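Quick notes on the structure that follows.
The values are calculated or read from the model by the stated rules, or taken from the named source; none is laboratory data. Quantities reported herein were computed from a predicted structural model and do not represent experimental measurements. Every residue, glycine as well, gets a Cβ built from its backbone with ideal geometry; the counts of neighbours run over all protein chains shown.
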Amino acid sequence: MTMTDDQVLSQEHRVFQQTMRRFFDKAVPESYVRDFYEGEAGFDPAMWRRLDAEFGLPGLAVPEEFGGSGAGLIELVLVMEEMGRCLLPSPFLGSAGLATSVLLRLGDTEVNTCLVPRLVSSGDFAALAVTVSSGDWSEDAVSVRAEGGGDDTFRLSGTVRFVLDGDLAPLLLVAARTTSGISLFEVEPDARGLDRQRARSLDPTRRLATVVMHDVDGRLVGHEGTAWPAIRRGLDDAALLLAAEQVGAAERCMDLSVEYARTRHQFGRPIGSFQAIKHKCADMLLRVESARSAVYAAAFALDQANPQASRAVDVAAAYSGDAFSWVAKEMIQVHGGIGFTWEHPAHWYFRRATSSAALFGSATARRRRIAAALGMPC
Amino acid sequence: MSREWRASTFREDVRAFIARLLPRGWKGVGALPVGDVDAFVTQWRDTLATAGLLGLSWPREYGGGGLSHAEEIVLAEELARAKVPGGAPWDPMGMQMLGPTLLEWGSEAQKAHFLPRILRGEDRWCQGFSEPDSGSDLGSLSTRAVADGEFWHVDGQKVWTSSAQVADWIFVLARTSREESAHHGMSFVLVPMDQPGVEVRPITMLSGEREFNEVFFTDAVTHRENVLGPVGAGWKVAMTLLSYERSHVAATLPIQYEQEFERLLALVERRGLGRDALVRDQIAQAYTQLSVLASLGRRVKAQISQGGPPGRESQLIKLAWSEYHRDLAELAINLLGPEAMVVEGRQGPFLPYTADYPGAPISSGAWIGTLLHSRSDTLVGGTSEIQRNICAERVLGLPR
């Protein structure tokens, strides 16, 4: 809260935002998302290539020297808002948001020149396996064991659940514990002893997998025992991007609700003329714009390396998760019976909201960190 | 002799200036013995006036500082941060509301007469908008002003008028034509209080204090020139006035509430509840709200200072802050536990939807005062229900 600089989007930001809105409006209509519900549609390589070829999105926030566009988190936030709005099913969050960020935050020259460029424009994407069955994204929860063999090759054993795109990613990164602490490893997708199973997601547009390893060869990425700070900061980045996605999705829920309330008539008048409905919509607006303000503030704080940035992320993530869940639920209520059908997209957003509320840690977990950061005794 | 202020280094200069004036170990107005507050505020107002810090954005020819609205907001922030008021309790009506509105709508003679008198403290103003039968539906008001020769004759009743008991003038929204449609045919009339046709009766609030009043007009008179803006344009003038009030409040409330939140943390510590998981979650939730709303406020402020029109989020500020503060007061009372049954220490004093004075004790009396007063947060300046209607209709385009 001590950040007092004026932090608003520039004219360039707004133009970029409009470009993204136009692209996704056209490229990701409802029918595109519906295929993920109705068919066996999974990963769409053509869409992933377009994001790179047309806008360089996978490398948007990667420094130019490593092949990226050198933008900041605020630009990624604007992209995520639009992806959330249309519910784009994509490895973008897991790869560009989480894995790339962790790699960059390692600050390791070899990683930056070898691994990072692979994620910028080769068409590859990465998955980072870091959680255990508890679903906790904390240091203590890292339970995969890595045993060293003298050089940079280790053997990894353990199970990691809730890995974004973990069954598909050409580049699989695993956080594991060695005798000297938490380290990051690259595992070949076809390595012996590796089993990757796609999970049946509550939200079919969010691909999750369980990764099981029995003495799997892993190549050390960066230095042994020092990966946690980079993972922690990468998780902060990803949590913020998830919050941005939630803002965009929540705003779409609000727009759909307002549109329905304007056009649906009962008792001879639009239901949006009833205060009970009006006030729900106003509360949606309050939550959407509040969440957006918190997300932008945290993005600027991270981009400026503000010492309070991590707390600002906790605030933005805790608030946006709750806000999106609330708006998605109220959207169903405003739509009445039609909102409870498989046909209507309301449940897509409800599923995304419910699922996202648990990704990278719950709002309750974030508030635990906030309380500690406020100096309350533990 | 008022001093010169430079826009380029204003924040640093004014911060240093305030720091030099405050007594050593200054903890805020709330830390003064209750009996000393009035004297301090009076003397502090004189200090600000002498330093040229009253009416900072008003043109010099009317006694102002000749700087911009941006510096005035910076000043308000720095004063709040230093835990001192920006003037006397009745000053906001004259300095933050009527003054800027006079500058926008007033005739040369009106500006030259009224503005310097506000700054010198010679005229105290109060606001006559709400009526017993026209609260949320302000457009239905029925107080009338009828022109007759040299004078307007005013008849009707206003209510919830803060500071009427000390005011010299009241700005009145009154019907001046027979046109009955809401928002039309109203004028913004300036009426002197000291006359037989104006009667003030105090209203005791639920907190037990007397801060606002009923004002009765029975053939009250004011000179024909004392209409602000064109006759019939009263509604527009009134809306201008309310927008000035809002931008000021948006800048200073976050600072006040941050200071209040520190007192809440101190209360948790005093009650020994810091390890309670539920309390920790409640405190973190309150902090999250506070922090989110501060970001929302900064976004609105930045848009205004860049000269752009405030976005749709500006409409949310009042609604958001008032509900935050109402909830915070309830949390504080919960944390007090059984102590909340007994009023320990002083209670109040307050202005509408503000926190207790900075530096106030962590006593039950202070929080009970906050609780009682917070019930007005979601009523004054448009109830939460009206705010939601406005958001839904004007921002989201839902039908009336």
task = Determine if region B:273-290 includes at least one residue that is within 22 Å of the chain's Cα centre (by Cα) and modelled with pLDDT under 95.
result = no
ask   = Where residues in region B:114-142 are part of a strand (DSSP E or B) and of a type outside the set (A, V, I, L, M, F, W, C), which of them is surrounded by the most Cβ atoms within 10 Å (Cβ to Cβ)?
value = B:Gly128
request  = Write out, first by first residue and then by second, each pair whose Cβ atoms fall under 8 Å of each other, whose residues are 6+ apart or on separate chains, and whose first residue, in region B:199-224, is in the same structural domain as B:Asp168 (by TED's automatic domain parsing) while the second is exposed (fewer than 13 other Cβ atoms within 10 Å of the Cβ) and β-branched (Val, Ile, Thr).
outcome  = B:Arg210/B:Thr204
remark   = Reported set for region B:321-350 where residues are over 15 Å from the mean Cα position of the chain (by Cα), modelled with pLDDT of 90 or more and buried (at least 22 other Cβ atoms within 10 Å of the Cβ) is B:His325, B:Leu328, B:Ala329, B:Ala332
request  = Tell me, please, whether a residue that is over 22 Å from B:Asp123 (Cα atoms) and either touching a strand residue (DSSP E or B) at 6+ places or on another chain (Cβ under 7 Å) or among the aromatic types (Phe, Trp, Tyr) (or both) can be found in region B:185-201.
outcome  = yes
inquiry  = Taking the conditions exactly as written (touching a residue at least 40 places away in the same chain (Cβ under 8 Å), within 14 Å of chain B (Cβ to nearest Cβ) and part of a helix (DSSP H, G or I)), does A:Ala243 satisfy them or not?
reply    = yes
remark   = The helices (runs of 4 or more DSSP H) lying wholly within region B:1-113 that contain at least 2 residues that are within 18 Å of the chain's Cα centre (by Cα) are B:37-50, B:69-81, B:99-105
task = Go over the candidates B:Leu206, B:Leu265, B:Leu241, B:Leu228 one by one and state the one that is more than 14 Å from every other protein chain (Cβ to nearest Cβ) and surrounded by fewer than 22 Cβ atoms within 10 Å (Cβ to Cβ).
result = B:Leu206
note = Filtering region B:269-291 down to residues that are charged (D, E, K, R), surrounded by fewer than 20 Cβ atoms within 10 Å (Cβ to Cβ) and at the interface with another protein chain (Cβ under 9 Å from one of its Cβ atoms) yields B:Glu269, B:Arg275, B:Asp281
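Would you mind stating whether A:Arg252 is in the same structural domain as A:Gly337 (by TED's automatic domain parsing), under 22 Å from A:Arg206 (Cα atoms), surrounded by fewer than 24 Cβ atoms within 10 Å (Cβ to Cβ) and charged (D, E, K, R)?
yes
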request  = Could you figure out which of (1) at the interface with another protein chain (Cβ under 10 Å from one of its Cβ atoms); (2) over 28 Å from B:Val172 (Cβ atoms); (3) not charged (D, E, K, R) isn't true of B:Ser314?
outcome  = (2)
ask   = If you take the residues in region A:326-378 that are within 24 Å of the chain's Cα centre (by Cα) and among the polar types (S, T, N, Q), which one is nearest to the other protein chains (Cβ to nearest Cβ)?
value = A:Thr364
query = Exactly one of (1) touching a residue at least 24 places away in the same chain (Cβ under 8 Å); (2) of a type in the set (A, V, I, L, M, F, W, C); (3) facing chain A (nearest Cβ under 7 Å); (4) within 30 Å of B:Gly35 (Cβ to Cβ) is unmet by B:Leu328. Its number?
reply = (3)
ask   = From the set of residues in region A:345-370 that are surrounded by fewer than 21 Cβ atoms within 10 Å (Cβ to Cβ) and of a type in the set (Ser, Thr, Tyr), which is nearest to A:Lys329 (Cα to Cα)?
value = A:Thr354
task = Assess whether B:Ala294 counts as being closer than 29 Å to B:Ser243 by Cβ, facing another protein chain (nearest Cβ under 7 Å), assigned to a helix (DSSP H, G or I) and of a type outside the set (Val, Ile, Thr).
result = yes
ask   = Is it the case that some residue within region B:311-321 is under 28 Å from B:Ser68 (Cα atoms) and outside any helix (DSSP H, G or I)?
value = yes
inquiry  = Could you tell me how many of the residues in region B:351-400 are in a loop (DSSP other than H, G, I, E, B) and either away from chain A (no Cβ under 14 Å) or surrounded by 18 or more Cβ atoms within 10 Å (Cβ to Cβ) (or both)?
reply    = 23
query = Taking only pairs six or more apart or across chains, which ones have beta-carbon atoms under 7 Å, a first residue in region A:8-34 that is surrounded by 17 or more Cβ atoms within 10 Å (Cβ to Cβ), and a second residue that is of a type in the set (Lys, Arg) and at pLDDT below 95?
reply = A:Val8/B:Arg299
Selected residue [at pLDDT 95 or above and either under 18 Å from A:Ser101 (Cα atoms) or not small (Gly, Ala, Ser) (or both)] from A:Gly84, A:Gly59 = A:Gly59
ask   = Among the residues of region A:308-317, is there at least one that is surrounded by fewer than 24 Cβ atoms within 10 Å (Cβ to Cβ), within 30 Å of A:Arg34 (Cβ to Cβ) and not assigned by TED's automatic domain parsing to the domain that holds A:Leu78?
value = no
ask   = Can you tell me which residue in region A:260-290 is surrounded by the most Cβ atoms within 10 Å (Cβ to Cβ), limited to those that are within 7 Å of chain B (Cβ to nearest Cβ), among the aliphatic types (A, V, I, L, M) and closer than 19 Å to B:Leu293 by Cβ?
value = A:Ala282
message = One residue is enough: does region B:116-128 have a residue meeting the conditions touching a residue at least 60 places away in the same chain (Cβ under 8 Å) and aromatic (Phe, Trp, Tyr)?
response = no
